[in-house]
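Structure, as structure tokens:
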Amino acid sequence: MKNSQKLVTELIFGFGRACLLPILLVCALAAAVQATAQAPTPDSPAIEAKAHAMVARLTLEQKIDLLGGVDGMYTHPATAIDLPRFKMSDGPVGVRTWGPTTAYTAGAALAATWDPALARKVGEGLGKDARARGVNFLLGPGVNIARSPLAGRNFEYFSEDPFLNASMVVPYIEGVQAQGVIATVKHYALNDQEYNRHNVSVDVDERTMREIYLPAFEAAVTKAHVDAVMNSYNLVNGAHATQSEFLNLKVLKGDWGFQGILMSDWDATYDSVGAANYGLDLEMPNPRFMNAKALLAAVKDGSVKESTIDDKVMRLFRTVLRYGFLDHPQFDPADSTYSVADRAVALEGARESITLLKNEGHLLPLDPAKIKTIAIVGPNAYPAVTGGGGSSEAQAFEPVSTLTGIANLAGARVHVLYSRGLPNMDDVFRNTHWDGVIKVATFPSRDFTGTPETTTLTSFADNRQERRATEDRTQRSIRYTAGYKAAKTGKYLVLTSSQGWGGDEYKVLVDGNPLPVPPHAEGFVPPFWTLDLNAGQTVNVVAEYLPRSSNARFDLGIAYEPDLVAAEARTIAAAADVVVVAAGFNPPTEGEGNDRTFTLPWGQDALIEAMSAINPHTIVTLTGGGGMDTRRWLDKVPVLLHTYYPGQEGGTAIGEVLFGKHNPEGKLPVSFDRSWEENPSQPYYYPIKGADTALHVTETDGRKVDYVIPHVKYDDGLMVGYRYWTTTGKHPLYPFGFGLSYTTFSFSKLQAPATAASGTTVPVSFDVTNTGSVAGAEVAQLYVSDPSAKATRPERELKGFEKVRLAPGETKHVTLNLDARAFSYWDTAAHKWTIDPGKFVVRVGDSSESTPLHADVTLK
Ligand code: BGC
């Protein structure tokens, strides 16, 4: 019963929505045609008629009620027609809203696999996990572009390249939807930073949008036929995404023919009439603006047409009918919430994604027969860090940490030693020896004016005592004043934390000089600073704190950096044959609502330096959504492995890679910069000073709220990631597409037609050979250059790739087909994709900077 139901579901959802049960055979035959379809096909007449009949039974008010969510994660029910509410869950790395689940490799890691077939398996796993929890909508995948390494949600997204994103997201969505679960591609569009994501206007030209920021959404709609899209928080060219005529009506529902449901991000709606008229179908999590009070009046005065409301309701009804949500319960007991099969998919993802960036002297793979003792240190060694922070944070059933993964692989013969290597932050706060007492003055104002209500003297700078107080501290400002006397000469770290509801602000001054703080917004990762002090030097430290919640808390501590490294870490590093330092970010330091630092979290540079000074066989594993600062220690360590956020099986995969049980095959989905300053988006990342605009919003209860809209101008344009590096001829630390293996590969015999008709498919073929002595996988990458284009184009752009698994000595012949789009650019004047006939160059290789094969192709 279940299998036949599944087959039907897969045929219907996998092969296009026009296919209905009676015509399954035709449907299967049509599959190949559907694969190249450019827009979703309309629903069957039967679904259309049924949806119309349902709409006809509702009053205008009942219809409007369906435009806003309920209870945080549900659509609104319509009791008049027995329509239940439909359940949602956050993704995209696990079905995370309803308890423990399988945590898969996060998006950036999945992109590093360059394996679309694996993306499909992850999608299928997520779809099954969703069914097992009765979930109708999965709120994922996220496909925003990794424009800057600071963006806190890069780990959830895929890469810096639109082609790679599109290639991975299509099978992912198909996998989810084939299980009868609606995928929701997000965040549409240009939510490429977390800093001030609610208020910022991303100002960007149409060509940049079409070529860089929209293609993954476009593929999700036109190729994967995704049935839900989520609008982002930010504004685009001055209009909130939820009321962007350009994004929603012109592009999504117009050019791409999207027929599903366009929902808002949670509290991303700012206007009733604007949202209703400019494409939003569902306001989540509740109808703050698209509610009966506002929209009944709007329909009455003609500012919103009833047919516009009907269109939104029809989209919901068509979709739920198409998925059969009214015919069968969504909960499928055959799909277990705990799944061994899904664990295997999570492990595959972790294995395929781990990217070997440096392997000096072939230290890896380790030989378990020769290694007697291995020291594992670092804050990311245990417990497992499976994903970043925020709404994607899945609680995995059995996450495998780096420590346990390596220990399991090493076996009983290898002695495994462990130390966290660094203290916890609270220990630093508690152990800071201030010079005398700290004065804490609480002012009855937000600007440190007036007579302090309380002045207390304490021995350390957290206000735990005050935290217990019940008074509302959001109306207060608090100043801490202390002295700090350096015992030794050297580097000191100043650490702070504030754990309010987000949006806490503070300033730290040392001898009257303010330490630089990142711009404050929804939240931010507490920064840390380095001071160079001489033994005996005393500095005056002042912290000015503006709490935003009544249980806010602020801490401040100073530590001599070398003393942060635990003595036992030094001891075990000296005793071991190799040291593995598990460093990088984690949910508190990289996640939703915050941008992260480019530098590693505090103390980690010192830890790696100390370990490598003690033991030359120091291996560093990094966790993070993208690049980070390695300058202090990279030339001192022989091995660097990037693990992204590998999901619940990360530790096992790391162990397998270290001991050569799995040959690393991950390839960077982003360019790794040396410094944040050299990232091409850096000059354009923060809002333009003095360009803020005002936005006046009238809430439906009549309250008027004024918002300040900062404007970020994407003047880096098309020059994102490797497009910048290859066009300027400069080189990043590690290029996009790069990753080492324990074997070697060669590329040969490139064949491409010397001439071809513009608009036809151009086949490019070549051989890939494993020239080493172990089996491995290579990702053959195909880049296209357009030197004779009339418009300025990036020097090269990825337009094809294939992962090839090869035994030692084996050769595979690969053919990649370049369609018309592979040669096109967005013609700003004509508003369409254009090919300028003339010379193109196709290049094949193993990274954006290493393309040993090339050939000219002239398009006529
Ligand atoms: C996030 C979305 C998420 C939603 C629901 C928002 O804060 O931006 O990605 O789906 O919350 O949890």
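The values are calculated or read from the model by the stated rules, or taken from the named source; none is laboratory data. Quantities reported herein were computed from a predicted structural model and do not represent experimental measurements. Cβ coordinates were reconstructed from backbone atoms using ideal geometry, including for glycine residues, and neighbour counts include every protein chain displayed. Surface accessibility is based on the protein's heavy atoms, side chains included, excluding ligands, DNA and RNA. Shrake-Rupley method; radii C 1.70, N 1.55, O 1.52, S 1.80 Å.
Taking the highest mean first, how do the peptides 812-825, 121-134, 81-94, 690-703 order by number of other beta carbon atoms within 10 angstrom per residue? Provide the component values of the computation, followed by the final result.
Details: 812-825: 17.1, 121-134: 25.9, 81-94: 22.9, 690-703: 11.6.
Most protected by this proxy first, the peptides run 121-134, 81-94, 812-825, 690-703.
With a Förster radius of 41 Å applied to the C-beta separation of residue 426 and residue 474, the computed FRET efficiency comes to 0.95.
Helix-derived [θ] at 222 nm for the chain: sum -39500 (n - 2.57) over DSSP H runs of at least 4, divide by residue count, nearest 500?
Working: 21 runs with 196 residues, N = 860.
Result for the chain, helices only: -6500 deg cm²/dmol.
Please state the charge dipole magnitude for the chain, taken about the Cα centre, from unit charges on C-beta atoms (+1 on K and R, -1 on D and E), reported in debye and rounded to the nearest 20. Don't skip to the end; give the middle numbers.
Working: 80 positive and 96 negative charges, 157 e Å.
Magnitude of the dipole: close to 760 debye.
Accessible area per residue for the range 590-696, computed on protein heavy atoms with a 1.4 Å probe, is 29 Å².
Here the peptides 183-193, 740-750, 341-351 are ranked by packing, the mean other Cβ count within 10 Å, and the order with the highest first is 183-193, 341-351, 740-750. Exposure check, 1.4 Å probe, all protein chains in place: residue 301 carries approximately 110 Å² of accessible surface. The mean sequence separation of alpha-carbon pairs under 8 Å and at least six residues apart, normalised by the residue count of the chain, gives a relative contact order of 14 percent. Label positions at residue 811 and residue 860, each projected 7 Å from the Cα along the C-beta direction, are separated by 3.2 nm. Among 143-150, 666-673, 67-74, sorting by the average number of other beta carbon atoms lying within 10 angstrom of each residue, highest first, gives 666-673, 143-150, 67-74. Candidates 105, 69, 86 compared by Cα position along the dipole of the range 57-105: farthest toward the positive end lies 105, with charges placed on Cβ. Here the spin labels are modelled as points 7 Å beyond Cα on the Cα-Cβ line, and at residue 567 and residue 52 they lie 8.3 nm apart.
Placing a pseudo-label 7 Å from each Cα along the Cα-to-Cβ vector at residue 511 and residue 713 gives an inter-label distance of 3.9 nm. Quick one: how many Å² of residue 677 are accessible to a 1.4 Å probe, rounded to 10? Only protein atoms counted, so the area is about 120 Å². Ranking 418, 734, 783 by solvent-accessible area of protein heavy atoms (1.4 Å probe, all protein chains present), from largest to smallest, gives 418, 734, 783. In order along the range 80-88, the phi-based Karplus estimate (6.51 cos²θ - 1.76 cosθ + 1.60, θ = phi - 60°) of 3J(HN,Hα) comes to 4, 10, 6, 8, x, 7, 10, 8, 10 Hz; Gly and Pro are listed as x.
Of interest is the spacing of the C-alpha centroids, which for the range 376-411 and the range 691-711 amounts to 43 Å. In terms of its alpha-carbon gyration tensor, the chain comes out oblate; a/c meets the 1.5 threshold, while b/c is at least as large as a/b. Only lysines eight or more places from residue 250 in sequence, or on another chain, were considered; those with a Cα closer than 25 Å are 63, 186, 223, 305, 312, 713, 832.
Farthest toward the positive end of the dipole of the chain, out of 224, 409, 533, is the Cα of 409, where the dipole comes from beta carbon charges about the Cα centre. The relative contact order of the range 606-676, computed from alpha carbon pairs under 8 Å that lie at least 6 residues apart in sequence, is 35 percent.
For the chain, DSSP calls about 70 percent of its internal beta bridges antiparallel.
Carbon and sulfur together cover what percent of the accessible area of the chain at a 1.4 Å probe radius?
Values: 16780 of 30650 Å².
The C+S portion of the solvent-accessible surface of the chain is 55 percent.
Would you mind calculating the relative contact order of the range 716-849 from Cα pairs under 8 angstrom and at least 6 residues apart, reporting the percent as a whole number?
On the way: 268 pairs, mean separation 40.2, N = 134.
It rounds to 30 percent for the range 716-849.
Each Lys and Arg adds +1 at its Cβ and each Asp and Glu adds -1 at its Cβ; summed about the Cα centre, the range 301-447 shows a dipole of about 560 debye.
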